[in-house]
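Data block below; observations after.
The values are calculated or read from the model by the stated rules, or taken from the named source; none is laboratory data. This structure is a prediction, so every number in the text was calculated from the model and none was measured. Reconstructed Cβ throughout: ideal geometry from the backbone, glycine too, with neighbour counts over all protein chains shown.
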Amino acid sequence: MTASSHTLWRFHGGVKLPDHKAESTTEPVAAAPLPQRLILPLRQHIGEAAVPVVKRGEHVKKGQLIARSDTYVGAHLHAPTSGRIALIGDQPVPHPSGLSAPSIVIEADGEDDWGDSRMPPIEDYRNIDPVKLRNRVRDAGIVGLGGAAFPSAVKLNPRPHQKIDTLVINGAECEPYITCDDMLMRTQAETVIAGMHLVRRALKPERCLIGIEDNKPEAIRAMTEALGGEERDNIRIVPIPSIYPTGGERQLVRVLTGREVPSEGLPADVGVVCHNVGTLAAIYRAVVLGEPLISRLVTVTGSGVHRPRNLQVYLGTPVADLIALAGGYTDDVERLIMGGPMMGFALASDAVPIIKGGNCIIAARAADVERPGPVMPCIRCGECVKACPAGLLPQQLYWFSRARDFDKAQEYSLFDCIECGCCAHVCPSNIPLVQYYRFAKNEIWSQERERRQAEAAKQRHELRRERLEREEREKAERMKRKQAAAQQTAPTADGGEDPKQAVIRAALARAQARKAEQAAQDTTAAAPASENDNENR
Amino acid sequence: MRFKTFSSPHMAPARSVNRVMGQVLLALIPGTAAMTWYFGWGVLINVSLAVTVALACEALMLLVRGRTLTPHITDLSAVLAGWLFALAVPPLTPWWVTLVGVGFAMVVAKHLYGGLGYNPFNPAMVGYVVVLISFPREMTLWLSPSVIAELNLSLPQTFAAIFAGTLPDGLTWDMITAATPLDRIQTGVGLAHPISEIQNSPFFGYLGGVGWEWIGLWFLVGGLWLLKRGVIGWQIPVAMLGTLTLLSGLFWLINPETYASPLFHVFSGAAILGAFFIATDPVSASTTPRGRLIFGAGVGALVFVIRTWGGYAEGVAFAVLLMNMMVPLIDHYTQPRVFGKTTAGKEG
């Protein structure tokens with residue numbers, strides 16, 4: 001059997017998009033020069049932020065660990081070059097919110113010196129055991145380089161009940177404009193394939209499917225060559241139709257295996273692990289060369305730069321540097337995007353750095369990005385239903401989100417929306433649908449937070465009330481006991497009682513004596529009781 | 001350098017409401033031309049009048065509601081509503097009937113419910129039903145294609161008929177008007193005449209009534225073009241015409257002398273126009289794929305029921321409005337299966 005006979009499956013919806021890939025593939029890949037300042041946000045991945053292990057002013061070597069993450073879902077951070085830690089503090093970071101976040105800033109010394117921070121290469125990597133591979137991937141701070149930046153070590157650690165029979169390699173790169181995976185496969189196919197073998201040996205799947213969109217014939221050719229004679233029935237390069245978002249993990253698993261990842265599950269639940277080609281190359285470098293993840297391939301493209309191209313970039317390099325390397329902005333540049341045009345986010349400033357998941361920078365002119373007309377009411381045409389790869393009813397979700405009917409939105413599976421943007425792209429009314437879904441999700445999350453806080457507050461209040469009540473009750477009981485004791489001990493003044501009772505009795509006796517003395521002059525009768533009370537306090 | 005930020009996606013959409021509406025209007029041209037061929041200038045005058053009234057009402061209501069005229073006045077939805085109304089009424093309908101019908105359609109059925117996108121009922125059909133019920137005499141002034149072809153009323157004469165209600169000397173309304181083929185069948189069957197006998201008259205052609213069958217075919221051409229362009233989905237037309245064919249075929253097989261043939265049903269009256277242009281109005285139709293099948297099937301079944309046993313000879317308008325009422329219910333129970341979820345995990 002040959003690779004071409006592999007059965008392909010379909011996922012519902014998706015859209016054909018103009019791919020705009022040719023612009024950035026004409027120039028060969030070049031290495032971006034070392035920047036003077038590198039900004040490294042502590043949270044470049046899904047999960048908790050890493051914690052700095054260096055101090056301001058400290059000198060670090062290239063590849064040295066500068067921040068570590070000890071949570072299961074997290075990734076370490078390494079110095080991309082040698083230099084001095086200039087600052088540990090908030091810096092503008094590439095994030096949809098446009099806010100700043102804790103980062104480490106390195107002033108490069110220009111030496112780019114590894115010192116001895118390279119991890120020891122694993123000699124016998126052909127027989128690497130799964131735990132060793134996982135630990136190395138974790139030590140190297142590798143995350144999914146396709147854009148989602150999910151810590152890769154987690155994906156190499158399926159739970160015992162998850163039998164992995166298929167390894168899916170994602171070379172689809174379905175978003176328009178982005179070509180870094182394409183260029184990686186064209187120029188470093190051997191590295192990708194070697195990385196694949198490492199993962200394959202660790203996970204021991206029955207088969208391995210490399211999905212590449214059929215608009216990348218050169219990448220397919222290079223990968224096939226790199227695979228060489230090793231292409232067998234169980235390792236295949238599968239050209240897949242170029243339909244956005246076929247490179248989405250769930251969509252790709254569906255197209256290649258026919259399996260649907262459960263709504264709230266992971267590919268491992270259906271026996272599949274999926275890695276991006278860039279991630280495989282990074283895994284190879286970490287294992288065989290001992291290099292942590294400190295640089296990546298970035299596409300700098302769009303009609304808003306003069307010379308679109310792909311660059312090998314030190315993590316932490318400011319976007320502005322890359323723009324300069326791509327010939328600078330055109331006069332009519334309008335929008336700057338990190339990621340693809342469908343799911344990427346607009347940057348407020350080009351001072352932000354390239355991060356691990358930053359696969360593409362698009363500088364776009366107005367005509368490429370602006371909605372052609374005003375936003376009109378939804379006419380329920382259902383184009384969005386046809387386009388939605390998650391099988392949702394976007395027009396209904398829009399309606400519920402707009403009306404703030406969040407219960408209904410969740411009933412219509414709002415959280416199955418992957419924000420791919422297909423619905424907004426086909427909407428004849430120009431409605432920014434995805435924005436409404438993000439709004440609704442955020443509102444639901446914040447309501448959920450508030451609800452939890454309110455619940456916690458209520459619980460605290462309840463506990464306090466209970467405690468006060470208990471104290472009150474205990475006090476009352478103590479008093480009752482004491483009064484009872486006093487009543488009992490007064491008439492039966494025999495021995496064997498405890499000293500405290502004796503004291504009370506003595507006091508009572510004194511009081512009674514005093515009372516008797518005063519009886520002639522005074523009529524106060526409450527004294528014994530009040531004295532008794534005082535003593536109790 | 002600093003930039004303004006926007007939410008993704010960052011690719012310009014390829015469609016627009018104007019384009020959708022514009023394509024539907026283009027697709028109406030062959031059928032409208034055929035109607036003009038068989039029924040004379042009246043059709044064009046009605047279309048022009050209805051479109052003018054629709055645009056005027058749209059502008060008026062936008063002003064009353066404090067909205068800007070653009071983009072709504074140019075979205076072509078008012079033009080489409082007026083045009084569809086004009087195709088539904090007889091070719092020499094008095095001008096004030098059009099005024100009342102289109103006015104009601106735009107003011108009440110469309111704008112009082114919130115304007116484009118918010119109307120639960122098809123505005124053109126609401127307007128048509130209002131005049132059908134209010135002015136039954138005027139609404140039966142359908143012309144006989146064969147008579148009209150001989151008379152060849154000129155444009156000024158047609159104007160006079162529509163705006164002044166006067167006919168050229170020597171002509172009376174009775175001479176030029178004739179019951180529609182659907183009317184003839186209904187009346188004839190009501191009088192216990194066998195269908196073969198009723199159809200044995202110069203009013204009937206190969207498929208439906210003379211003239212009507214060709215009009216239907218040309219609307220079919222426009223409708224198929226819309227399907228091919230992806231402007232409308234296949235579900236509603238296929239389900240509606242399929243159900244109509246199936247039901248009428250079943251009864252026709254039982255007794256061809258009391259029940260007209262499926263071909264006659266499909267190529268008479270407004271079945272094709274309704275299937276491709278009226279029931280497919282996205283705003284008032286069901287919006288889920290399976291819901292559209294149910295919606296279309298419901299319209300087809302109701303058309304057959306009304307034509308066969310109802311008080312009106314044609315039932316497309318009533319059928320569409322009745323199914324419009326069912327839309328929220330249909331949509332609720334026909335949600336598609338969400339990726340990664342089992343049908344069991346979720347209703348629908």
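Working only within the stretch B:225-244, note down all residues that are without any contact (Cβ under 8 Å) to a residue 40 or more places away in the chain and either among the polar types (S, T, N, Q) or away from every other protein chain (no Cβ under 14 Å) (or both). Once the filter is applied, which keeps residues that are without any contact (Cβ under 8 Å) to a residue 40 or more places away in the chain and either among the polar types (S, T, N, Q) or away from every other protein chain (no Cβ under 14 Å) (or both), the stretch B:225-244 yields only B:Lys228. Out of everything in the stretch A:121-143 that is surrounded by fewer than 17 Cβ atoms within 10 Å (Cβ to Cβ), charged (D, E, K, R) and part of a helix (DSSP H, G or I), what residue ends up being modelled with the lowest pLDDT? Among residues in the stretch A:121-143 that are surrounded by fewer than 17 Cβ atoms within 10 Å (Cβ to Cβ), charged (D, E, K, R) and part of a helix (DSSP H, G or I), the one modelled with the lowest pLDDT is A:Arg126.
Against the condition of a type in the set (Val, Ile, Thr) and closer than 15 Å to B:Pro336 by Cβ, how does A:Val385 come out, does it pass? It is true that A:Val385 is of a type in the set (Val, Ile, Thr) and closer than 15 Å to B:Pro336 by Cβ.
For every residue, the table says whether it meets (1) over 20 Å from B:Thr32 (Cα atoms); (2) surrounded by 15 or more Cβ atoms within 10 Å (Cβ to Cβ).
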residue: B:Val147; (1), (2): no, no
residue: B:Ala164; (1), (2): yes, no
residue: B:Pro181; (1), (2): no, yes
residue: B:Ile185; (1), (2): yes, yes
residue: B:Phe203; (1), (2): yes, yes
residue: B:Leu217; (1), (2): no, yes
residue: B:Leu220; (1), (2): no, yes
residue: B:Met240; (1), (2): yes, yes
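Screening the stretch A:383-497 for helices (runs of 4 or more DSSP H) wholly inside it with 1 or more residues that are over 25 Å from A:Pro96 (Cα atoms) and within 14 Å of chain B (Cβ to nearest Cβ) returns the ranges A:383-387, A:394-402, A:406-411. Evaluate the following for B:Thr308: is it among the hydroxyl-bearing types (Ser, Thr, Tyr) and in a helix (DSSP H, G or I)? Yes: the conditions hold for B:Thr308. With the condition kept exactly as written, say whether any residue in the stretch B:79-92 is within 13 Å of another protein chain (Cβ to nearest Cβ), part of a helix (DSSP H, G or I) and modelled with pLDDT of 95 or more. Scanning the stretch B:79-92 turns up at least one residue that is within 13 Å of another protein chain (Cβ to nearest Cβ), part of a helix (DSSP H, G or I) and modelled with pLDDT of 95 or more.
Look at (1) over 30 Å from B:Arg19 (Cα atoms); (2) facing chain B (nearest Cβ under 10 Å); (3) crowded, with 19+ Cβ neighbours inside 10 Å; (4) touching a residue at least 60 places away in the same chain (Cβ under 8 Å) and you find that A:Asp368 fails only one, number (1).
Of B:Val89, B:Val107, which residue is buried (at least 23 other Cβ atoms within 10 Å of the Cβ), in contact (Cβ under 8 Å) with a residue 24 or more places away in the chain and in the same structural domain as B:Thr166 (by TED's automatic domain parsing)? Checking each option against the conditions leaves just B:Val89. Of the residues making up the stretch B:311-342, those that are surrounded by fewer than 23 Cβ atoms within 10 Å (Cβ to Cβ), away from chain A (no Cβ under 12 Å) and not in a loop (DSSP other than H, G, I, E, B) are B:Phe318, B:Leu321, B:Leu322, B:Met325, B:Met326, B:Leu329, B:Ile330, B:Tyr333. For the stretch A:149-173, taking the residues that are in a loop (DSSP other than H, G, I, E, B) and touching a helix residue (DSSP H, G or I) at 6+ places or on another chain (Cβ under 8 Å), the one that is nearest to A:Val199 (Cα to Cα) is identified as A:Leu156.
Here the stretch B:188-197 is the region considered, the condition is being surrounded by 12 or more Cβ atoms within 10 Å (Cβ to Cβ) and in contact (Cβ under 8 Å) with a residue 24 or more places away in the chain, and the residue that is nearest to B:Thr98 (Cα to Cα) is B:Val189. Checking each residue of the stretch B:15-28 against the condition of being among the aliphatic types (A, V, I, L, M) and within 7 Å of chain A (Cβ to nearest Cβ) gives at least one match. Could we say that A:Ile362 is at the interface with chain B (Cβ under 9 Å from one of its Cβ atoms) and closer than 27 Å to A:Met338 by Cα here? When the stated conditions are applied, A:Ile362 passes them. Restricting attention to the stretch A:301-335, and to residues there that are farther than 23 Å from A:Val105 by Cα, part of a strand (DSSP E or B) and among the hydrophobic types (A, V, I, L, M, F, W, C), which single residue is nearest to the other protein chains (Cβ to nearest Cβ)? Per the criteria, the residue is A:Val333. In the stretch A:300-329, the residues that are free of Cβ contacts under 8 Å to residues at least 24 places away in the same chain reach residues that are crowded, with 21+ Cβ neighbours inside 10 Å with C-beta atoms within less than 7 angstrom, at least six apart or across chains, in these pairs: A:Gly327/A:Val305; A:Gly328/A:Val305. Could you list all residues from the stretch B:226-269 that are of a type in the set (Gly, Ala, Ser) and in contact with an Asp or Glu (Cβ under 6 Å, 6 or more places away or on another chain)? If the condition is that a residue be of a type in the set (Gly, Ala, Ser) and in contact with an Asp or Glu (Cβ under 6 Å, 6 or more places away or on another chain), then B:Gly269 is the only one that fits. Among residues of the stretch A:204-259 being in a helix (DSSP H, G or I), surrounded by 20 or more Cβ atoms within 10 Å (Cβ to Cβ) and touching a helix residue (DSSP H, G or I) at 6+ places or on another chain (Cβ under 7 Å), the one that is farthest from the other protein chains (Cβ to nearest Cβ) is A:Leu227. Scoring B:Thr308 on the criteria (1) of a type in the set (S, T, N, Q); (2) surrounded by 20 or more Cβ atoms within 10 Å (Cβ to Cβ); (3) away from chain A (no Cβ under 14 Å) leaves a single failure, condition (2). Looking only at residues in the stretch A:342-359 that are out of contact with any helix residue (DSSP H, G or I) (no Cβ under 7 Å at 6 or more places or on another chain), within 12 Å of chain B (Cβ to nearest Cβ) and of a type outside the set (A, V, I, L, M), the one that is farthest from B:Phe6 (Cα to Cα) is A:Ser349. Residue count for the stretch A:234-272 under the criterion of being in contact with a Ser or Thr (Cβ under 9 Å, 6 or more places away or on another chain) and over 23 Å from A:Gly14 (Cβ atoms): the result is 1. Once the stretch A:67-85 is narrowed to residues that are free of Cβ contacts under 8 Å to residues at least 40 places away in the same chain and surrounded by 22 or more Cβ atoms within 10 Å (Cβ to Cβ), the residue that is farthest from the chain's Cα centre (by Cα) is A:Ser82.
Out of curiosity, is B:Leu63 of a type in the set (A, V, I, L, M) and within 14 Å of chain A (Cβ to nearest Cβ)? Against the criterion (of a type in the set (A, V, I, L, M) and within 14 Å of chain A (Cβ to nearest Cβ)), B:Leu63 does not qualify.
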